[in-house]
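The values are calculated or read from the model by the stated rules, or taken from the named source; none is laboratory data. If you're wondering where the values come from, they're calculated on a predicted model, not measured in any experiment. Cβ placement follows ideal geometry from the backbone for every residue including glycine, while neighbour counts extend to all protein chains displayed.
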Amino acid sequence: MADAKKLAEQLKKLNELRGPVPQELRDRVAAQNKAQRAILDALKEGPKTAPELAAAAGLPHDRAIWYVSALRKYGKIADVPGKGDYPKYELKGGEAK
């Protein structure tokens with residue numbers, strides 16, 4: 001408990017030194033979280049290609065690919081084995097319906 005209190009005090013001092021987080025940064029992070037959540041929600045219905053994910057999330061294709069790459073890198077989604085014009089992706093761990 002003492003460690004938690006000490007950490008809280010250190011974080012408070014750090015926030016005082018750095019000042020508040022700029023609204024522009026908050027908005028950007030919120031938009032990224034929303035886009036990633038939309039992609040993950042689309043994958044709950046089953047495997048999808050990048051263009052299908054872009055359409056489901058309402059994102060441009062290049063932006064959707066960027067998020068798909070990040071979600072793959074951090075282990076949230078995985079490639080589906082198979083052939084086709086586009087690779088398909090699914091939630092890692094079989095979390096789809």
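Kindly indicate whether ALA31 is among the small types (Gly, Ala, Ser), surrounded by 13 or more Cβ atoms within 10 Å (Cβ to Cβ), free of Cβ contacts under 8 Å to residues at least 60 places away in the same chain and out of contact with any strand residue (DSSP E or B) (no Cβ under 9 Å at 6 or more places or on another chain). Considered against the rule, which asks whether it is among the small types (Gly, Ala, Ser), surrounded by 13 or more Cβ atoms within 10 Å (Cβ to Cβ), free of Cβ contacts under 8 Å to residues at least 60 places away in the same chain and out of contact with any strand residue (DSSP E or B) (no Cβ under 9 Å at 6 or more places or on another chain), ALA31 comes out as no. Condition (residue is within 21 Å of SER69 (Cβ to Cβ) and not aliphatic (A, V, I, L, M)) applied to segment 4-26: is it met by at least one residue? No. Selection of segment 66-97 for residues being among the aliphatic types (A, V, I, L, M) and either in contact with a Leu (Cβ under 9 Å, 6 or more places away or on another chain) or under 13 Å from ALA42 (Cα atoms) (or both) yields VAL68, LEU71, ILE77, ALA78, LEU91, ALA96.
Looking at segment 53-66, is at least one residue more than 15 Å from the chain's Cα centre (by Cα), touching a residue at least 40 places away in the same chain (Cβ under 8 Å) and not in a strand (DSSP E or B)? Taking every residue of segment 53-66 in turn, none turns out to be more than 15 Å from the chain's Cα centre (by Cα), touching a residue at least 40 places away in the same chain (Cβ under 8 Å) and not in a strand (DSSP E or B). Residue-level check: of (1) in contact with a helix residue (DSSP H, G or I) (Cβ under 7 Å, 6 or more places away or on another chain); (2) touching a residue at least 12 places away in the same chain (Cβ under 8 Å); (3) surrounded by 13 or more Cβ atoms within 10 Å (Cβ to Cβ), PRO87 misses just (1).
Scanning segment 34-56 for residues that are among the aliphatic types (A, V, I, L, M) and either modelled with pLDDT under 95 or surrounded by fewer than 13 Cβ atoms within 10 Å (Cβ to Cβ) (or both) yields one hit, ALA50. Each residue in segment 67-97 was checked for being of a type outside the set (Lys, Arg), assigned to a loop (DSSP other than H, G, I, E, B), over 14 Å from the mean Cα position of the chain (by Cα) and over 20 Å from LYS34 (Cβ atoms), and 9 of them qualify.
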